[in-house]
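What follows is a set of notes on a single structure, which appears directly below.
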Amino acid sequence: MTINRRDLALSTLAVSALAVSVLALTTPALAASADEDAVAKKVEAFRLAQIAADPKALGALCWDDLSYSHSSGKVEDKATFIANATDGKSKFLSIDYKDPTIKVVGPAAIVRFHWLGEQEMAADGKKVSTNLHILMNWQKQGDEWKLLSRAATKL
C-alpha cells in the first residue's frame, strides 16, 4: 500500500477533527460534573445547617429572594424561614436525604430527594416523623450556589 502526502494530510485532519469532537463532547460533561459536585456539597451543608438550627449557615446558603414551601402549603421568605427554623420550638433529631438527584442546567440546578426526618417538640417532648419528597432549585451566584426555592410534598 502506498501512502502519499495528500492521503497522510487527510488522515491527519480526520484524526484532529475526531479529537476536537471528542473534546467538545466531554468538556461540558466535566463542567457539569464539577457543578453537580458543588451543588451536592451545598445540599449537604444545608441539611447539616437545618439539623444544627444554624441561622448564619442557613442565611449564607439561601438567596435573599428565597421561596421556601412546606408540605402544609405554607410559604416563607428567607427571613421567616430562618426565624422559624431556628426558633427552638422543635429540634431535629435526624434528617436524611435519600436517593438525591441533581441536574444542572446552565446556572440552575434541580435537586430532588426523599426526606426522612424526626424532630422533637420543645413544649412537650413529642417526637414527630416526616416523610416527604423535596424539590430544591439552586442558582449559581458568581461562583457560589444558593438555594432559590424549595417545595415539599407529603408521602
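The condition (being open to solvent by less than 60 Å² (accessible area, probe 1.4 Å), modelled with pLDDT under 95 and small (Gly, Ala, Ser)) is satisfied by just one residue among Ala9, Ala85: Ala9.
On the basis of being loosely packed, with under 14 Cβ neighbours inside 10 Å, touching a Leu at 6+ places or on another chain (Cβ under 7 Å) and over 25 Å from Lys41 (Cβ atoms), does Lys154 make the cut? In short, yes. With respect to Ala17, is the statement that it is more than 26 Å from Ser129 (Cβ to Cβ), exposed (fewer than 14 other Cβ atoms within 10 Å of the Cβ) and modelled with pLDDT under 95 true? Answer is yes for this residue.
Taking into account only those residues within the stretch 45-57 that are free of Cβ contacts under 8 Å to residues at least 40 places away in the same chain and part of a helix (DSSP H, G or I), which is nearest to Ile95 (Cα to Cα)? For the stretch 45-57, the residue satisfying everything is Leu48.
Does the stretch 35-44 contain any residue that is under 16 Å from Leu135 (Cβ atoms), surrounded by 14 or more Cβ atoms within 10 Å (Cβ to Cβ), touching an Asp or Glu at 6+ places or on another chain (Cβ under 6 Å) and of a type outside the set (S, T, N, Q)? No: zero hits.
Restricting the stretch 122-133 to residues that are small (Gly, Ala, Ser) and open to solvent by 50 Å² or more (accessible area, probe 1.4 Å), which is farthest from Lys89 (Cα to Cα)? If you could, list the steps in order and put the result at the bottom.
As a first pass, look at the stretch 122-133 and keep what is small (Gly, Ala, Ser): 122-123, 125, 129.
Still in the running and open to solvent by 50 Å² or more (accessible area, probe 1.4 Å): 122-123, 129.
Values: Ala122: 5, Ala123: 7, Ser129: 15 Å.
Among those that are small (Gly, Ala, Ser) and open to solvent by 50 Å² or more (accessible area, probe 1.4 Å), it is Ser129.
Residue-wise test of (1) outside any strand (DSSP E or B); (2) of a type outside the set (Asp, Glu); (3) open to solvent by 60 Å² or more (accessible area, probe 1.4 Å).
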site: Leu66; (1), (2), (3): no, yes, no
site: Gly73; (1), (2), (3): yes, yes, no
site: Glu120; (1), (2), (3): no, no, yes
site: Leu135; (1), (2), (3): no, yes, no
site: Arg150; (1), (2), (3): no, yes, no
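Every condition in (1) closer than 21 Å to Ser129 by Cβ; (2) in contact with a helix residue (DSSP H, G or I) (Cβ under 7 Å, 6 or more places away or on another chain) holds for Ser71 except the one numbered (2). Can you report the number of residues in the stretch 88-107 which are of a type in the set (A, V, I, L, M) and open to solvent by less than 40 Å² (accessible area, probe 1.4 Å)? Final tally of qualifying residues: 2. Checked against (1) at pLDDT below 95; (2) surrounded by 10 or more Cβ atoms within 10 Å (Cβ to Cβ), Leu25 meets all criteria but (2). Residue under question is Lys103, and the condition is that it be in contact with a Cys (Cβ under 7 Å, 6 or more places away or on another chain), more than 17 Å from Ile51 (Cβ to Cβ) and modelled with pLDDT of 95 or more; does it hold? Spelling it out, it is not the case that Lys103 is in contact with a Cys (Cβ under 7 Å, 6 or more places away or on another chain), more than 17 Å from Ile51 (Cβ to Cβ) and modelled with pLDDT of 95 or more.
The values are calculated or read from the model by the stated rules, or taken from the named source; none is laboratory data. From a predicted model like this one, the values you see are computed outputs, not experimental measurements. Backbone-built Cβ (ideal geometry, glycine too); neighbour counts: all protein chains shown. Surface accessibility is based on the protein's heavy atoms, side chains included, excluding ligands, DNA and RNA. Shrake-Rupley method; radii C 1.70, N 1.55, O 1.52, S 1.80 Å.
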